Amino acid sequence: MAAELSTSINIKEPRWDQSTFIGRAKHFFTVTDPRNILLTNEQLTHAHKVITDYREGVVSPGLTEDELWRAKYIFDSAFHPDTGEKMILIGRMSAQVPMNMTITGCMMTFYKSTPAVLFWQWINQSFNAIVNYTNRSGDAPITVNQLGTAYVSATTGAVATALGLNALSKHVSPLIGRFVPFAAVAAANCINIPLMRQRELQHGIPITDENDNRLGESTKAAQQAISQVVVSRILMASPGMAIPPFLMNHLEKKAFLKVRTLNLKNMTDFNYNLGTSFSMSVSRLEPELQEKIRANHPGVERVYFNKGL
């Protein structure tokens, strides 16, 4: 009879060594695996039970280490790390590649007419609003008014940026016009993410010690987390939206492309920045929170938080 699986495997951390490129690549590809969006409710429920039981020291009969890690990544792909609730399907990381590939391709293809700009920026910001809400940090609820304000503000900002730059691009090189979608996406991220997560800025996000013991809520950590997410979202969009304009500008001058009208604009925006656990020094927290931690948890020098995605 096979020995029962040990309960000492640390499933809080990725399976592979994150200090190596191969380890990070395996982790990222597993987290963003599009096949996870095809999993049934029964499969998700089973993975949830396996991981919940394992965290409590209960090992499912016959469970192997490979099955445990598979359940861990299925669990992580569908359930919010702070609230534990099942995430909206298209807001999950496993939906990012197919969704971003489709939306980015359409924004970069249909960028010349005003109706097309309006439609695809609306689609993109609707998708972004869902992603930002789904992958928010913390476990506090967000109100309908906050959701509506973030959604309307981001969509308005993105459309205004796109239309304004489109108007300006008519007087410059066609190449410049191809960067309009990227500029609009960058502007929208600067608006959408802080607004969608404004409650975190107002009330803070949970911070923990290295053993995952909750120490309180910090607005300073929220500010750092959200600024990191804004920058990373813009950087993540750059390979798929900043490089293709040069390629398309060159290819469209070629005779074979003009004759066959081959559409090569559909580029994939792949999400590489999936790490969510960050740390900061206690000395950078709010003064009253520093006092509370030093009084109740002496010796803690760094705190940890989920920055969201």
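The values are calculated or read from the model by the stated rules, or taken from the named source; none is laboratory data. Just so you know, these numbers come straight off a predicted model, no measurement behind them. Cβ coordinates were reconstructed from backbone atoms using ideal geometry, including for glycine residues, and neighbour counts include every protein chain displayed. Ligands, DNA and RNA are excluded from the accessible area calculation, which covers all protein heavy atoms including side chains. Shrake-Rupley method; radii C 1.70, N 1.55, O 1.52, S 1.80 Å.
Look through region 191-218, keep the residues that are aliphatic (A, V, I, L, M) and open to solvent by 20 Å² or more (accessible area, probe 1.4 Å), and return whichever of them is modelled with the highest pLDDT. Reasoning before the result, please.
Step one: list which residues in region 191-218 are aliphatic (A, V, I, L, M), which gives 191, 193, 195-196, 201, 205, 207, 215.
Filter once more, keeping what is open to solvent by 20 Å² or more (accessible area, probe 1.4 Å): 191, 195, 201.
Values: Ile191: 78, Leu195: 77, Leu201: 85.
Here the answer is Leu201.
Does Leu68 satisfy the criteria of being more than 30 Å from Ile176 (Cβ to Cβ) and touching a residue at least 24 places away in the same chain (Cβ under 8 Å)? Please lay out each step first, then the result.
Details: more than 30 Å from Ile176 (Cβ to Cβ): yes; touching a residue at least 24 places away in the same chain (Cβ under 8 Å): yes.
Yes; evaluated as a whole, the condition is true for this residue.
May I ask you to list the residues in region 219-238 that are more than 18 Å from Ala188 (Cα to Cα) and open to solvent by less than 80 Å² (accessible area, probe 1.4 Å)?
Thr219, Ala221, Ala222, Gln224
Within region 219-301, considering only helices (runs of 4 or more DSSP H) that don't extend past its boundaries, which have at least 1 residues that are at pLDDT 85 or above? Can you show your working first?
Details: elements: 219-242, 244-251, 255-260, 287-296.
Ranges flagged: 219-242, 287-296.
Determine whether region 37-56 contains at least one residue that is touching a strand residue (DSSP E or B) at 6+ places or on another chain (Cβ under 8 Å), free of Cβ contacts under 8 Å to residues at least 60 places away in the same chain and within 28 Å of Phe127 (Cβ to Cβ). Quick ask: steps written out before the conclusion?
Initially, region 37-56 is screened for residues touching a strand residue (DSSP E or B) at 6+ places or on another chain (Cβ under 8 Å), giving 44, 48.
In the following step, the residues that additionally are free of Cβ contacts under 8 Å to residues at least 60 places away in the same chain were identified as 44, 48.
Pick out the ones that are also within 28 Å of Phe127 (Cβ to Cβ) and you get 44, 48.
Yes: one or more hits.
What are the residues in region 29-48 that are open to solvent by 40 Å² or more (accessible area, probe 1.4 Å), over 16 Å from His80 (Cα atoms) and either under 17 Å from the mean Cα position of the chain (by Cα) or of a type in the set (Phe, Trp, Tyr) (or both), if any?
Those that are open to solvent by 40 Å² or more (accessible area, probe 1.4 Å), over 16 Å from His80 (Cα atoms) and either under 17 Å from the mean Cα position of the chain (by Cα) or of a type in the set (Phe, Trp, Tyr) (or both): Phe29, Pro34.
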